[in-house]
Amino acid sequence: MLRIYHIEARRSDRVVWLMEELGLDYELIFTPKDIAASLMAIKAVHPIGAAPTVRDGDLWLCESGAILEYVVNRHGGGRFGVKPDAPGYPQYLQWMHFAEGSAMGRIINEMMIAPMLAASGAPKPPIAGLFAGNSRRLLDFFEQSLAGQDYFAGEDFSAADIMMLMPVRAARRACQGEVRPNVEAWCARVEARPAYARMLARALPNGPPPTLAGWPKEDAQPV
Ligand SMILES: N[C@@H](CCC(=O)N[C@@H](CS)C(=O)NCC(=O)O)C(=O)O
């Protein structure tokens, strides 16, 4: 049985969601409401120590896109993948890789330079200007790509949609108040899936953390 090392509200949600879509059993390792403890448990067993990390017998795998491909092909009989001769295959490939290879990095770069751009009087490194607007550009690309199709790889829901929910949400958060109808409709469509609800119940039993960093520690002293 696949063992999934998980941190609540992190990329390991993707693996849980796919397992639920496929109706496969899995073991989920995390400490509820303690992001630091969940992370340290992964660092104790794997040199990269990031979520998701999975163990399947003697095999260890990290990197969410690779894990999804592995599960689709080794355990899922190809369900939620797209075959090379299918029309949606090029799009499937692109979005499976774009989610982590381009989108998340661009969003994180912009998040990191935001405080620098906001600080009045502080010197602005020239690179900061390059990252500003990354999320908006991504959202525009997503909106355009979803025109006339229900899912990222075409007419059918696939693992590419599971990969893309996190960057789509992060880009939307960065551009609050800006509505892109195709993106909104896609989010509603994928979040309405029964397997998505099952993922939330199992992987986020306490709801999403109130802060990006995690839950406030109950025993934390005020500073
Ligand atoms: N590209 C990797 C990113 C993995 C990653 O950075 N995961 C985060 C949680 S969403 C993490 O565990 N970060 C802590 C760390 O890397 O120490 C993937 O998609 O699996």
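General remarks:
- Counted residues, the stretch 181-223 - those being at pLDDT below 85 and not in a loop (DSSP other than H, G, I, E, B): 0
Matching residues to (1) farther than 19 Å from Tyr151 by Cβ; (2) of a type in the set (A, V, I, L, M):
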position: Met166; (1), (2): no, yes
position: Arg172; (1), (2): no, no
position: Glu191; (1), (2): no, no
position: Pro194; (1), (2): no, no
position: Pro205; (1), (2): yes, no
position: Gly214; (1), (2): yes, no
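- Number of positions in the stretch 167-180 that are touching a helix residue (DSSP H, G or I) at 6+ places or on another chain (Cβ under 6 Å), at pLDDT below 95 and in a helix (DSSP H, G or I): 1
- Selection count where residues are in a helix (DSSP H, G or I), near the ligand (Cβ under 10 Å from one of its atoms), buried (at least 20 other Cβ atoms within 10 Å of the Cβ) and not aliphatic (A, V, I, L, M), scope the stretch 1-58: 4
- Ile113 vs. criteria within 13 Å of the ligand (Cβ to nearest atom), more than 19 Å from Trp17 (Cα to Cα) and either crowded, with 16+ Cβ neighbours inside 10 Å or β-branched (Val, Ile, Thr) (or both): no
- Pair list, Cβ under 7 Å, 6 or more apart: the stretch 113-130 residue outside the structural domain of Ala174 (by TED's automatic domain parsing), other residue part of a helix (DSSP H, G or I) and not aromatic (Phe, Trp, Tyr): none
- Considering residues of the stretch 59-72 that are without any contact (Cβ under 8 Å) to a residue 24 or more places away in the chain and in a helix (DSSP H, G or I) only, the residue nearest to the ligand (Cβ to nearest atom): Ala66
- Complete set of residues in the stretch 89-122 that are on the phi < 0 side of the Ramachandran plot and not in a helix (DSSP H, G or I): Ala119, Ser120, Ala122
- Test for Gly78: is it at positive phi, without any contact (Cβ under 8 Å) to a residue 24 or more places away in the chain, near the ligand (Cβ under 10 Å from one of its atoms) and part of a loop (DSSP other than H, G, I, E, B): no
- Selection status of Ala86, part of a loop (DSSP other than H, G, I, E, B), away from the ligand (no atom under 11 Å from the Cβ), in contact with a Gly (Cβ under 9 Å, 6 or more places away or on another chain) and of a type outside the set (S, T, N, Q): yes
The values are calculated or read from the model by the stated rules, or taken from the named source; none is laboratory data. On a predicted model such as this, the values are computed, not experimentally measured, just so you know. Positions of Cβ are generated from backbone atoms using ideal geometry, with glycine treated the same way; all protein chains shown enter the neighbour counts.
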